Each structure stands twice: as structure tokens, then as C-alpha cells.
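Asker: Questions regarding the structure given below will be posed in turn.
The values are calculated or read from the model by the stated rules, or taken from the named source; none is laboratory data. Values in this document were obtained by computation on a predicted structure and should not be read as measured data. All Cβ positions, glycine included, derive from the backbone under ideal geometry; neighbour counts span all protein chains shown. For the accessible areas, the whole protein counts, side chains as well, though only heavy atoms, and no ligand, DNA or RNA atoms are used. Shrake-Rupley method; radii C 1.70, N 1.55, O 1.52, S 1.80 Å.
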Amino acid sequence: MFTREEKKILWKMKYFSDQSGLIDRYLNEAERWDDHLKNTRKFIIDCVNKYKPETIALLGSGWWLDVPVEELSAICKKVYLVDIMHPKQIVHKTRKFQNLNLVEYDVTGGTVFEAYNIVKQFRKNRYITPVTEIPCPGFQHDIKADYYVSLNMLNQIDSLIIEYLKKYRIYSDDELKTLRKRIQEAHLRSLPKGRSCLITDVEEMIFYKDKQEKVIQLLSTELPEGKRKTSWTWDFDRSGTFNPGKTTRFRIVGIKM
């Protein structure tokens, strides 16, 4: 659980509004997101059925859109759903499951709050913490789980941190790229080999009138090879609000690590 002061920091860094924005976009694009959400849930269940864990920790549970909650509850004795915050609607839904545990946690291991303090210190005395000295420990919660799922978050894990630091022009673009890479690499190191799976978007494909205009690489680090790898396309935005006037799709990769 976060303290009252930590929650204020998360509000200032827009973590709460970011989560609200996701559900709003889903409500506008629900039918077109359906295949992606089904593919994600299926990949998780396939991995879990092969490992057969008694306890599982799912990192990035959010609104449960891509979480096979009922299946995981039936397969595992205990399910930990981890996110930086859990919407009130989700807290209410959890009550009907006896073996679900909601965990509020910064999956960067504290880098979110380090970024806030860096800005605070910079504004106070203009001191700049070297990028290489910013702690990036990765997921370090004391949850004891047999299996871990990183759910559609690797590309997002650093985004609000980078946006917050960029706002105050403390670091150069190259320094921010270095920090982004360090945060993502730390997350990958946090996932136990042989006992975890990863789902992440890796490419943003931008279309205009069904013609592909641009492909943007979304990750700052290399993905592990893993024991099994699959991919699919997420029809993310056809309304033209994400990239104005354009259609946006993501290429998703699932890896059994």
C-alpha cells in the first residue's frame, strides 16, 4: 500500500489519469480490441497450464481487460494482481473471488518516486542526479509466487517517468533514452527464467487510408529469446485520435521465458 504522500506523487505524475484514459479508449474501440484481448488471455492460460503454478503474480493487471481472471482463480490456489493502483470497480469485482489478492506496487521498484525526488531537488537547488545513478531495481516486492506474468507493460513501464522528467528539461534526449533502457532491462531481469511469461507491444504501425506510412520501434532493449514466442496485431485505434487522422496498430509479442 502507498502512503498518502506517495499517492499525491502518483497523482502529480498522472498515473491515475493515465489509467482512466485507457478504459475510455477501450470503450471507444472495444470491438476492434477483441482479438488482441483474446490472444493475450489465451497465451497466459497456455503458459500457466504448462507450468501449473499454485501461486501466480500478474504484473500490470489494470482493468482486467486482458486478464483471464476466472480461469486463473480456478487453476491457482492464490492469484496476486499487481498494479500501481486498482480502480474502484476492480476492487469491487475482486470480492467474489476468495483467492485473488490486489497488490498496489510500483513495478519499477521505486524509480517512479526517485524521478519525483530528482525533479524536486533540481527545482530547489538545480542539482542534477546523473542518469546512471538513478536506481532502477525492477520488481522487488516480497510476493512469493511460483509463476509471474508481465502483462502489456514493458513498453509503458517508463513512459510517465520519462514524460515527467522531460517536462522539466533536466536531461537530454540521449540521457532519457539511457534511463528508459535501464528501466526496461531491470524489469526483464526481474522475471524469473523458467517461471514467467511476457506480453508486450514492440512496434507501432501507422496507417493513412489503409496504407502503412510509418513503423516505430517501441522498446529500448532487446527481448529474450525465451522457450516459446508468438506474435499478433492489436487494432489499437481506428478513430484517428491517437495519431490524428491516422489508424494505429501495434505488433504484440508473447514470450514464455
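Asker: Using only the Cα atoms of region 112-257, what are the Rg and Dmax in Å?
Answerer: 17.5, 51
Asker: Return the lysines within reach of residue 12: Cα separation strictly under 17 angstrom, same-chain partners fewer than 8 residues apart disregarded; answer none if there are no such residues.
Answerer: Straight-distance partners of residue 12: 120, 166, 167.
Asker: While we're on this one: Taking a temperature of 10 °C and a viscosity of 1.306 mPa s, what whole-number D in µm²/s does Stokes-Einstein yield for region 151-229 with Rh from Kirkwood over alpha carbon pairs?
Answerer: Numbers: Rh = 14.3 Å.
So the translational diffusion coefficient is about 111 µm²/s.
Asker: Could you give the nm distance between label points at residue 12 and residue 207, where each point is 7 Å from its Cα heading toward the beta carbon?
Answerer: Label-label distance for residue 12 and residue 207, simple model: 4.3 nm.
Asker: Follow-up question, since we're still on this one. Using each residue's phi in region 135-140, evaluate 6.51 cos²θ - 1.76 cosθ + 1.60 at θ = phi - 60° and report the 3J(HN,Hα) Karplus result to the nearest Hz, with x for Gly and Pro.
Answerer: Along region 135-140, the couplings run x, 10, x, x, 5, 9 Hz.
Asker: Quick one: in region 181-221, what % of C-alpha pairs are over 15 Å apart? Write down the numbers at each step before the final one.
Answerer: Working: 470 of 820 pairs.
So the portion of pairs separated by more than 15 Å is 57 percent.
Asker: Non-local amide H neighbours of residue 221 (under 5 Å, H modeled in plane, Pro and chain starts lacking H): which ones?
Answerer: Correct list: empty.
Asker: Moving on to the next point. Could you tell me what percent of the accessible area of the chain is made up of carbon and sulfur, with a 1.4 Å probe and every protein chain present?
Answerer: 47
Asker: If each DSSP helix of 4+ residues adds -39,500 (n - 2.57) and the sum is divided by the residues in the chain, what number results at 222 nm, nearest 500 deg cm²/dmol?
Answerer: On the way: 7 runs with 102 residues, N = 257.
The helix contribution divided over the chain gives -13000 deg cm²/dmol.
Asker: Here's another thing I want to ask about it. Check cross-link reach from residue 193 to the lysines: straight Cα distance under 21 Å, and skip same-chain residues fewer than eight apart.
Answerer: Once the sequence-local lysines are set aside, what remains near residue 193 is 42, 50, 52, 78, 144, 181, 227, 229, 256.
Asker: About its Cα centre, what dipole magnitude does region 156-257 give when the only charges are +1 on Lys and Arg Cβ and -1 on Asp and Glu Cβ, stated in debye to the nearest 20?
Answerer: On the way: 21 positive and 15 negative charges, 67 e Å.
Rounded to the nearest 20 debye, it is 320 debye.
Asker: To the nearest 20 Debye, how big is the dipole of region 65-142 about its Cα centre, given +1 on the beta carbon of each Lys and Arg and -1 on that of each Asp and Glu?
Answerer: On the way: 10 positive and 9 negative charges, 80 e Å.
Rounded to the nearest 20 debye, it is 380 debye.
Asker: Under a Cβ-Cβ limit of 4.7 Å, which cysteines in the chain have nobody to pair with?
Answerer: Lacking a cysteine Cβ partner under 4.7 Å: 76, 136.
Asker: If the only charges are +1 at each Lys and Arg Cβ and -1 at each Asp and Glu Cβ, what is the size of the charge dipole of the chain around the Cα centre, to the nearest 20 debye?
Answerer: Values: 44 positive and 35 negative charges, 66 e Å.
That gives a dipole near 320 debye.
Asker: While we're on this one: How much length is gained if the chain between residue 166 and residue 42 is pulled fully straight, taking 0.36 nm per residue apart and subtracting their Cα-Cα distance, in nm to one decimal?
Answerer: Values: separation 124, 0.36 × 124 = 44.64 nm, distance 3.72 nm.
Here the answer is 40.9 nm.
Asker: Which aspartates and glutamates have a Cα lying under 19 Å from the Cα of residue 77, excluding residues fewer than 8 positions away in the same chain?
Answerer: In chain and number order, the partners are 46, 54, 142, 146.
Asker: Could you give log10 I(q)/I(0) at q = 0.08, 0.17 Å⁻¹ for the chain, computed by the Debye formula over C-alpha point scatterers of equal weight, without solvent?
Answerer: The Debye formula, applied to the Cα set alone, gives -0.32, -1.48.
Asker: May I ask you to evaluate 6.51 cos²θ - 1.76 cosθ + 1.60, the Karplus curve with θ = phi - 60°, for each residue of region 95-100 and list the ³J(HN,Hα) values in order in whole Hz, giving x for glycine and proline?
Answerer: Using θ = phi - 60°, the values come out as 4, 8, 10, 7, 10, 9 Hz.
Asker: Right, here's the next one. Would you work out which of 247, 152, 232 lies farthest towards the positive end of the dipole of the chain, given +1 charges on the beta-carbon of Lys and Arg and -1 on that of Asp and Glu, about the Cα centre?
Answerer: 152
Asker: Something else now. Take the alpha-carbon positions of region 86-184, form their convex hull, and give its projected area averaged over all directions (one quarter of the hull surface) in nm². Spell out each step's value before the answer.
Answerer: Working: hull surface 32.0 nm².
Across all orientations, region 86-184 yields a mean hull projection of 8.0 nm².
Asker: If we count every other residue with Cβ under 14 angstrom of residue 211's Cβ, Lys/Arg +1 and Asp/Glu -1, where does the sum land?
Answerer: +2
Asker: Taking a probe of 1.4 Å, how large is the accessible area per residue of the chain, in Å²? Present the calculation step by step, with values, prior to reporting the outcome.
Answerer: Working: 13700 Å² over 257 residues.
That works out to 53 Å² for each residue.
Asker: Still on this model: Through the Karplus equation 6.51 cos²θ - 1.76 cosθ + 1.60, θ set to phi - 60°, convert the phi angles of region 176-193 into ³J(HN,Hα) values in whole Hz; use x for Gly and Pro.
Answerer: Running phi through 6.51 cos²θ - 1.76 cosθ + 1.60 with θ = phi - 60° gives 5, 4, 4, 5, 4, 4, 5, 5, 5, 5, 4, 5, 4, 5, 6, 8, x, 5 Hz.
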